[in-house]
Structures are given as structure tokens and as C-alpha cells.
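What follows is a set of notes on a single structure, which appears directly below.
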Amino acid sequence: MSTVTEATVRPGEQFRVTRSRRNVAWTGAGALIVVVALALFPYYVGPGTTSVMVQAFIVLTLASMWNLLAGYAGLVSVGQQAFVGLGAYFVLIVALGGISPFAALPVAVISCAVVALPLWWLVSRLRSGYFAIATWVLAATIMLIIEKFSSIGGGTGMPLPGFTGMDPALLTAYTYWAGLIVTVLALAGIYLLLRGRLGLVLTAIRDDEVAARSSGARVGLARLLVFVVAGAGCGGAGAVLAISQLQVQPSAVFSVQWTAEMAFATIIGGLGTIEGPIIGTAVYMVLQQTLASYNAWYLIVLGLVAIVVALFARRGLWGLVDEHLNIRLFPVGFWLRTPSAGRRGARGGTRGAARR
């Protein structure tokens, strides 16, 4: 949190607390227009484009959930692929019972949230690197356990039933809309979550956990809620992944590559902001579609981009935009303003303003 200094606050000035320095009433209308435009995509673009968009929705949902964990709760997980795989397998299990895989999406989200409760109990006392390694071990353990059940394909997996006779174009459109709905709900849920009291607690935890505890913040409960929400969100992304691939294979849905992609998108875009994963996902998808045919060079370029951003844009690409333009598309923090506050602030904050 940036603090108000003596040099910027004059005696007798009145303070005003706002969500953003600028009027962001247009954000809701703009978001609605974007969602409606995206919903119409299947009517105007081909299945190849919609397939790429589905992958983008999956990565954006995962990146947003990883950002909620690492950027706000201070929980750096490298095992979120556990919930991706569980979400895919919950869809498969429900589909084997004769229910449409699309109807199984809410079941996968709720089931992953329930599974997150005992998993949190196993890792709740760990921090930093210990927490990261523990989540990775849990993901690998869950995959090994699932591979033991031949009824759901064992180690080789099995095709996802329930799509026999469906028109391929219609299936592609339904999958696209399912991915869009999951992503919109994930972003809206995070936004509402961070605007409430939990958002203030998470900010305090991120800044100084010891100080947050001494101030009476319920750190353990806040982190539990974040872990459950992140598990549910990743489960929803895994469910969309299973439907888009039309099969569920352990090595694919439990791959640590998913955690690498969500972390890359978040760090490139900007950790600790809702806008960051959106920008990072866009950059990642452009690089992937442009360089995927170059084999190993594709991974080398991704690594170089990550290094450059880490060295010269510590707050990510969105951090650069925020630093120069002071824009908040999703204002979840607070600004403490005084009449002497200028329209443009100093580097890292606004003159006469404090923000969360």
C-alpha cells in the first residue's frame, strides 16, 4: 500500500476515499459489450478460430485463479493441475452415467471445491517453497491414484461419451460458449470477492501476514476460501478442457504444463491485478500461435519474454499501463484523495493518494 506522506498532505485538507481516481462507470457497460461480442463469435468465425479461443478461455481462467492464490493470498502453488485433472475426470464420471458433459460442468466445479477442503488441511501449515512442492506432490499423487481405476480408463484414459450424433459445428459452438461462461463467471467472481471484506484481508496478508494477524484478520479462513475458490475455478477450466479434447487422459489433464502456462500468463500480465492475467493470456496465445511451429524455439522465446518482463517490468505489462495512465478497469482497491492531489501522480502511485 502506498502511504500518504507529509509532503503531499496539507493541514486542514479533507480526505475522500474512492474506488478509483477516475470514473469507471463505463467499465460494466464495456465488459458487457465485449462479452456479447465474444458470444457472437461462432456465427462469424470458423471452428479453427473458436478452438483457439476455447484454449484462451481455459488459460485465462487458470491464470486468474493462480493470480488469486499467488497475487493476493501469497500462496504460490505449482500443483493447480490437480484441480484441472479432477475437473476433467468429474465430467467423465458424470458422462459415463448418461448425463450430458455440458450438464456435468457445474458438478465438476462444486466437486473440485469440496475436494479442495481436505487438500487444504494437508498443506495449510506450509509456506513459500514448502507449500509449492507440497501442492506438486499432491497433484502427482492424485494422478497416480486415478490411474489405478480401470473403469475410467486407467493410465491410458478414455474418450468422453455423450456426443454421439451431434453436429461437429454445433459441438464446437457449445464448447466455445461453455468456455466463455466459465471464464466470465471466474472473472466476475474474483472481482466481487476482492471488492468485499475478504479483499481487504487478502491485501493485508499480502503486504504483511504478521501485521494482518496482529490486527485481528482471520488469515487462515481467508486463505482457505481462496484455495477453495481457486480449486473450483481450475476444476471448471479442466471440465471445459475435457469437452474440448473429447477425451480424458491422465498425463494430459494432470500435466504440470498447465501450472506453467497460468504462472507465465500471470507474471507477464501483472501479478496481483485482475487485468494482468487478461493481458498475459493474450500475449501467451499470440506467441503460441505464432511460434508453435518452431518447436524448441517457441519455448526459448517464451523464456526470454518472461526474463525481459521480470527485469524491466516488475509489475508486468499491465503495471506499465497503470504506472503511466493510472487506469483501473477492475477497481478493487481504494484511493485516499486530497484536494491537492494532481491528475497525474509520481511513479508507483498518485500524488496525495494512497491505494490498495
Exercise. What residue, of S100, S77, is in contact (Cβ under 8 Å) with a residue 24 or more places away in the chain, outside any helix (DSSP H, G or I) and within 19 Å of V228 (Cα to Cα)?
Worked result: S77
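The rows are residues; the columns are (1) modelled with pLDDT under 90; (2) small (G, A, S); (3) within 24 Å of L86 (Cβ to Cβ).
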{"position": "T141", "(1), (2), (3)": "no, no, yes"}
{"position": "P161", "(1), (2), (3)": "no, no, yes"}
{"position": "L192", "(1), (2), (3)": "yes, no, no"}
{"position": "A204", "(1), (2), (3)": "yes, yes, no"}
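What number of residues within the stretch 209-241 satisfy the criterion of being in a helix (DSSP H, G or I), of a type outside the set (A, V, I, L, M, F, W, C) and either over 17 Å from the mean Cα position of the chain (by Cα) or farther than 19 Å from G153 by Cα (or both)? I'd like the intermediate steps shown before the answer.
Filtering the stretch 209-241 for residues in a helix (DSSP H, G or I) gives 209-214, 219-241.
Next, only the ones that are of a type outside the set (A, V, I, L, M, F, W, C) stay: 209, 213-214, 220, 223, 231, 233, 235-236, 238.
From the residues that got through so far, the ones that are either over 17 Å from the mean Cα position of the chain (by Cα) or farther than 19 Å from G153 by Cα (or both) too are 209, 213-214, 220, 223, 231, 233, 235-236.
Matching residues across the stretch 209-241 total 9.
Please state which one of G316, G352 is surrounded by 19 or more Cβ atoms within 10 Å (Cβ to Cβ) and modelled with pLDDT of 75 or more.
G316
I'm checking my understanding of the structure. Among residues of the stretch 167-197 that are among the small types (G, A, S) and under 16 Å from the mean Cα position of the chain (by Cα), which one is nearest to V45 (Cα to Cα)?
Initial filter on the stretch 167-197 (among the small types (G, A, S)): 169, 173, 178-179, 186, 188-189, 196.
Still in the list and also under 16 Å from the mean Cα position of the chain (by Cα): 179, 186, 188-189.
Numbers: G179: 16, A186: 25, A188: 26, G189: 29 Å.
Residue satisfying both the conditions and the ranking: G179.
Can you report the number of residues in the stretch 35-68 which are of a type in the set (F, W, Y) and either under 20 Å from I274 (Cβ atoms) or touching a Gly at 6+ places or on another chain (Cβ under 9 Å) (or both)?
Let us first name the residues in the stretch 35-68 that are of a type in the set (F, W, Y), namely 41, 43-44, 57, 66.
Still in the running and either under 20 Å from I274 (Cβ atoms) or touching a Gly at 6+ places or on another chain (Cβ under 9 Å) (or both): 57, 66.
Of the residues in the stretch 35-68, 2 are of a type in the set (F, W, Y) and either under 20 Å from I274 (Cβ atoms) or touching a Gly at 6+ places or on another chain (Cβ under 9 Å) (or both).
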Exercise. Has the stretch 171-189 got any residue that is assigned to a helix (DSSP H, G or I) and exposed (fewer than 12 other Cβ atoms within 10 Å of the Cβ)?
Worked result: no
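Based on this model, can you work out whether R206 counts as within 24 Å of P331 (Cα to Cα), part of a helix (DSSP H, G or I) and charged (D, E, K, R)? Step through it out loud before you land on a result.
Numbers: within 24 Å of P331 (Cα to Cα): yes; part of a helix (DSSP H, G or I): yes; charged (D, E, K, R): yes.
Considered against the rule, which asks whether it is within 24 Å of P331 (Cα to Cα), part of a helix (DSSP H, G or I) and charged (D, E, K, R), R206 comes out as yes.
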Exercise. Given (1) under 13 Å from the mean Cα position of the chain (by Cα); (2) surrounded by fewer than 20 Cβ atoms within 10 Å (Cβ to Cβ); (3) on the phi > 0 side of the Ramachandran plot, where does G270 come up short, assuming only one miss?
Worked result: (2)
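Can you give me the number of residues within the stretch 289-306 that are surrounded by 14 or more Cβ atoms within 10 Å (Cβ to Cβ) and without any contact (Cβ under 8 Å) to a residue 12 or more places away in the chain?
Going residue by residue through the stretch 289-306, those that are surrounded by 14 or more Cβ atoms within 10 Å (Cβ to Cβ) are 291, 298, 301-302, 305-306.
This time we only want the ones that are without any contact (Cβ under 8 Å) to a residue 12 or more places away in the chain, so: 291, 298.
The qualifying residues number 2.
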Problem set entry | Matching option when the condition is part of a loop (DSSP other than H, G, I, E, B), out of contact with any Asp or Glu (no Cβ under 9 Å at 6 or more places or on another chain) and surrounded by 14 or more Cβ atoms within 10 Å (Cβ to Cβ), among F163, F131 | F163
For this session: Report whether or not W335 is at pLDDT 85 or above, closer than 29 Å to G30 by Cβ and of a type in the set (F, W, Y).
Result: no
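Return yes or no: is S244 among the hydroxyl-bearing types (S, T, Y) and outside any helix (DSSP H, G or I)?
On the way: among the hydroxyl-bearing types (S, T, Y): yes; outside any helix (DSSP H, G or I): no.
When the stated conditions are applied, S244 does not pass them.
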Exercise. Could you say which residue among G231, G196 is small (G, A, S) and either crowded, with 20+ Cβ neighbours inside 10 Å or touching a Phe, Trp or Tyr at 6+ places or on another chain (Cβ under 9 Å) (or both)?
Worked result: G231
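Go through the stretch 26-84 and report how many residues are of a type in the set (A, V, I, L, M, F, W, C) and closer than 21 Å to C234 by Cα. Reasoning before the result, please.
Going residue by residue through the stretch 26-84, those that are of a type in the set (A, V, I, L, M, F, W, C) are 26, 29, 31-41, 45, 52-54, 56-60, 62-63, 65-66, 68-70, 73, 75-76, 78, 82-84.
Cutting the leftovers down to closer than 21 Å to C234 by Cα gives us 35, 52-54, 56-60, 62-63, 65-66, 68-70, 73, 75-76, 78, 82-84.
Summing the residues that are of a type in the set (A, V, I, L, M, F, W, C) and closer than 21 Å to C234 by Cα in the stretch 26-84 gives 23.
The values are calculated or read from the model by the stated rules, or taken from the named source; none is laboratory data. Since the model is a prediction, treat every value here as computed from it, not as a measurement. Methodologically, a virtual Cβ is constructed for each residue, glycine included, from the backbone with ideal geometry; neighbour enumeration extends over all protein chains shown.
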